[in-house]
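As structure tokens, the structure follows; a few thoughts come after it.
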Amino acid sequence: MAIRGFMTLPRHIVEGEKLHPGATGELSNILLQLGLAAKLISLEVNKAGLADILGFTGSENVHGEQVKKLDMFAHDTLIKAMDHGGHFCVMASEEEEDIIHLPAHHQTGKYVLLFDPLDGSSNIDANISIGTIFSIYKRITPGTGPGSLEDCLQPGYKQEVAGYIVYGSSTIFVYTASHGVHGFTLDPAFGEFILSHENIRIPKSGRIYSINEGNYFSWPNGLKHYIKYIQSNYFEGKPYQARYVGSMVADLHRTLLYGGIYMYPGDRRNSKGKIRLVYECNPMAFIIENAGGRATDGNERILDKKPESLHERCPIFIGSEGDVLLVEKFMRGEKIDKN
Ligand code: AHM
Ligand code: MG
């Protein structure tokens, strides 16, 4: 196979650096290491049905949920891949209650890494797509020593880089450093991510909605009306189609490519919904906005919200601009013209 002209993830990252005058190469190194971690996790995910890897460890994570071995593998792999480069002053993961300090024998740096190591993990046993989400900020605390919680609780618009890896029918690494959103598909034959989706732009409106409709009777009325509106009206010949994987990374990857909307609202039982602001909503909002889409909590832009705690939840309406604007109107109780 001729590889001349192939744009690999490492090549793209290094060439992308030239777009940032004064870049030190640090973010490039970070992305390269994340690419390596993604390959390791992908390999393990692919083996999940084979070995003893499935099943519970018997312990619970900070949210009182059973932790599966693969979650912890992804968590440990990311830390091991990222803790020694001298780039970070602090990290945080969905799988750990407190912030993660770098080992004392490694240098600290000016960046902050936040991640959900394996999102949608309730889908693992059924061989359904899952993913990793990451988010990178510059530290805001002064000095060169260890970072603090304050560094992890910055509003999302301050992100330097955000991305996700979806482990699906193939493994795809998607990231943005503000100059477009780019996707790379892992070629399992030679173990490299190859540019497959350059400068992704989300359609201005879509015809797919994605939400856990089992919670319908707990939703706010505006949202119920919106769902009935898109189900009962015809748009270019048919009503909206429902698609819900139950892995946010997979649902949002489809939304990014095909357009439409993903929602995890607050409801009567959980006023802030389920999705975590810091390492799930913010990176996804950064990616979707950089692709031309919109992400709000139904009222306020996700990226403007100031996190108050590491694991706080936030309602989310994210996807094509037209779709998110429309659901917001319904949530405000505005009168909507019949289609
Ligand atoms: P997790 O981080 O524990 O995996 O939870 C987040 C996941 C999202 O990926 C997904 O969209 C959502 O939870 C599904 O929740 P539900 O089963 O309530 O629909
Ligand atoms: Mg998660």
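The values are calculated or read from the model by the stated rules, or taken from the named source; none is laboratory data. Only a predicted model underlies this, so the values are computations on that prediction, with no experimental measurement involved. Positions of Cβ are generated from backbone atoms using ideal geometry, with glycine treated the same way; all protein chains shown enter the neighbour counts. Accessible surface areas use protein heavy atoms only, side chains included; no ligands, DNA or RNA. Shrake-Rupley method; radii C 1.70, N 1.55, O 1.52, S 1.80 Å.
Table for the structure above
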| read-out | value |
| --- | --- |
| Test: residue in region 171-181 that is away from ligand 2 (no atom under 16 Å from the Cβ), open to solvent by 20 Å² or more (accessible area, probe 1.4 Å) and modelled with pLDDT of 95 or more | no |
| Pair list, Cβ < 6 Å and 6+ apart or interchain, from region 265-288 residues that are polar (S, T, N, Q) to residues that are crowded, with 24+ Cβ neighbours inside 10 Å | 282/135; 282/156 |
| Index of the failed condition, residue 190 passing every other in (1) among the aromatic types (Phe, Trp, Tyr); (2) surrounded by fewer than 17 Cβ atoms within 10 Å (Cβ to Cβ); (3) closer than 20 Å to residue 296 by Cβ | (3) |
| Answer from 212, 233, 282 - the residue that is open to solvent by 40 Å² or more (accessible area, probe 1.4 Å) and either out of contact with any Leu (no Cβ under 6 Å at 6 or more places or on another chain) or not assigned by TED's automatic domain parsing to the domain that holds residue 32 (or both) | 212 |
| Selected residue (criterion: farthest from ligand 2 (Cβ to nearest atom)) from residues of region 210-257 that are at pLDDT 95 or above and of a type in the set (Gly, Ala, Ser) | 222 |
| Selection count where residues are outside any helix (DSSP H, G or I), within 11 Å of ligand 1 (Cβ to nearest atom) and of a type outside the set (Phe, Trp, Tyr), scope region 252-264 | 1 |
| Selection status of residue 146, within 16 Å of ligand 1 (Cβ to nearest atom) and in contact with a His (Cβ under 7 Å, 6 or more places away or on another chain) | no |
| Any hit, region 156-177, residues being out of contact with any helix residue (DSSP H, G or I) (no Cβ under 9 Å at 6 or more places or on another chain), outside any loop (DSSP other than H, G, I, E, B), in the same structural domain as residue 86 (by TED's automatic domain parsing) and away from ligand 1 (no atom under 16 Å from the Cβ) | no |
| Any hit, region 317-334, residues being open to solvent by less than 10 Å² (accessible area, probe 1.4 Å), among the aromatic types (Phe, Trp, Tyr), within 16 Å of ligand 1 (Cβ to nearest atom) and within 22 Å of residue 219 (Cβ to Cβ) | yes |
| Among residues of region 273-291, those that are assigned to a helix (DSSP H, G or I) and more than 11 Å from ligand 1 (Cβ to nearest atom), counted | 10 |
| Region 91-108 residues that are touching a residue at least 40 places away in the same chain (Cβ under 8 Å), paired with ones that are open to solvent by 100 Å² or more (accessible area, probe 1.4 Å) and within 16 Å of ligand 2 (Cβ to nearest atom) (beta carbon under 7 Å, 6 or more apart) | none |
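Conditions (1) closer than 23 Å to residue 285 by Cα; (2) away from ligand 1 (no atom under 13 Å from the Cβ); (3) in a loop (DSSP other than H, G, I, E, B); (4) at pLDDT 95 or above, marked per residue:
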residue: 92; (1), (2), (3), (4): yes, yes, no, yes
residue: 98; (1), (2), (3), (4): no, yes, yes, yes
residue: 102; (1), (2), (3), (4): no, yes, yes, no
residue: 109; (1), (2), (3), (4): no, yes, yes, no
residue: 133; (1), (2), (3), (4): yes, no, no, yes
